[in-house]
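The values are calculated or read from the model by the stated rules, or taken from the named source; none is laboratory data. Since the structure is predicted, the reported quantities are computational estimates derived from the model, not experimental observations. Every residue, glycine among them, receives a Cβ derived from its backbone with ideal geometry; neighbour counts consider all protein chains shown. Quick note on the areas: whole protein, heavy atoms, side chains included, nothing else; ligands and nucleic acids left out. Shrake-Rupley method; radii C 1.70, N 1.55, O 1.52, S 1.80 Å.
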Amino acid sequence: MTIRVLMLVYRRPDLTPEQFRKHYEEIHMPLTREIAGDTFPISHIRRYIPRSTSPQDSSDGKEQYPAIVAGGNPADVQVDCVTELIFRDKQHLQSYFEMPHAPGAAAKLEAEAENFAAKYPTMIVEDCVETTPASAA
């Protein structure tokens, strides 16, 4: 049974959304693949939240890039990327997070992540339910 892990990745406030995405894709992901080796997930999906390309000043004087939302208040959307990792099974998941073949690798990845991410809460999702038009009938 596959195991899914979701990460809510928040951009460092001193980076633009474009800088955040570029760093994640061009620096962090290649390093992650290299360090993880055979433990790399069977899928590593990154879903970037669309944001305005024109910065707006906030009450604290920092530039903000409001999320483009389908409903609700754009200011309520603080996350910049929803990352989904899919593993073959629990053993694969455990191997990835332990990276036994590369001592110090997890610390190296965490230190590198600080270059673009303010925080990234990580959750295991074991029970996924999907409703499609065909299944709703």
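Numbers below:
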| item | result |
| --- | --- |
| Charge-dipole axis of the chain as Lys and Arg at +1 and Asp and Glu at -1 on Cβ define it, positive-most pick from 13, 69, 105 | 69 |
| For the chain, average projected area of the Cα convex hull in nm² | 10.4 nm² |
| Radius 15 Å from Cβ of residue 3, net charge of other residues (Lys, Arg +1; Asp, Glu -1) | -2 |
| Protein accessible area in the chain, 1.4 Å probe - carbon and sulfur % | 52 percent |
| Computed FRET value (nearest 0.05) for residue 43 with residue 106, which takes r as the C-beta separation and R₀ as 35 Å | 0.95 |
| For the chain: accessible area per residue (Å², 1.4 Å) | 64 Å² |
| Calculated FRET efficiency for the pair residue 127/residue 98, C-beta based, R₀ 25 Å, to 0.05 | 0.55 |
| Cα gyration tensor category, rounded, prolate or oblate, for region 72-137 with a/c compared to 1.5 | oblate |
| Cβ charges +1 (Lys, Arg) and -1 (Asp, Glu), total dipole of the chain, debye | 140 debye |
